[in-house]
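Structure, as structure tokens:
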Amino acid sequence: MSGAPARDTLLIRPANEADWPGIWTVFEPIVRDGETYPLDPELDEVGARAYWFAPDKTIFVAADPAQGIVGSYYLKSNSTGPAAHVCNAGYIVHPAARGRGVAQALCRHSIEEARRRGYRAMQYNLVISTNDRAVRLWQHMGFTLVGALPGAFRRPNGDYVDALVMYQSVLED
């Protein structure tokens, strides 16, 4: 993958099973890196697919006509019953497409989709504190830091760092 996906040509759409190979090209380097997702870096493709396409998730992809799938996200309820009105999302962007607006487009789309589905709020449960780019982006997108889980994430080098909980209402103003 080379070059920047053009924001005006980026298509975000519901994923289907045939999208998995493209999603895996995005997801695998993130899993192997071990710095931003709470998954075992040794997780195999079958396990990663089961995680990403779990039955409680709705999956979307960001596709660029020239480059194929450059990102993806899932949307799901963060809890059940009386707390089911709060959703959760997880995002992945191909390392070669970072810094080009893909994550922002995915986040914007997920907020709109959350509203469309009747959610009242979105909560991120585990934003790794050392993932400065994500923390800045989520704050830019209107998320508030509501708490920190001290030492909740172990980096590949063995250091324990905080995981942040971020939240925002998705109700229309």
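Whole-percent P(r), region 7-104, all Cα pairs, 5 Å bins from 0: 2, 13, 23, 24, 19, 12, 5, 1, 0. Residues of the chain were split at every exposed loop site, defined as GluC sites (Glu not before Pro) in a DSSP loop with at most 12 other C-beta atoms within 10 angstrom, and the longest piece left, sites excluded, is 43-171.
Once both labels are positioned 7 Å from their Cα atoms along Cα-to-Cβ, the gap between Arg98 and Thr25 label points is 1.9 nm. Based on DSSP, what percent of beta bridges with both residues in region 7-169 are antiparallel, to the nearest 5? Antiparallel bridges make up about 95 percent of those DSSP assigns within region 7-169.
So if R0 is 41 Å, what FRET efficiency would Thr130 and Leu171 give, r being the distance between their Cβ atoms, rounded to the nearest 0.05? With a Förster radius of 41 Å, E is 0.85. A convex hull fitted around the alpha carbon atoms of the chain yields 121 Å³ per residue.
The charge dipole of region 7-169, taken about its Cα centre with unit charges on the Cβ atoms of Lys, Arg (+1), Asp and Glu (-1) only, comes to about 660 debye.
Given R0 = 22 Å, the distance between the Cβ atoms of Ala18 and Asp44 translates into a calculated FRET efficiency of 0.65.
Readers should treat all values here as calculations from the given coordinates under stated rules, not as data from a laboratory. None of the values given here were measured: they were computed from a predicted structure. When we count neighbours, we look across all protein chains shown, and the Cβ atoms used for this are built from the backbone with ideal geometry, even at glycine.
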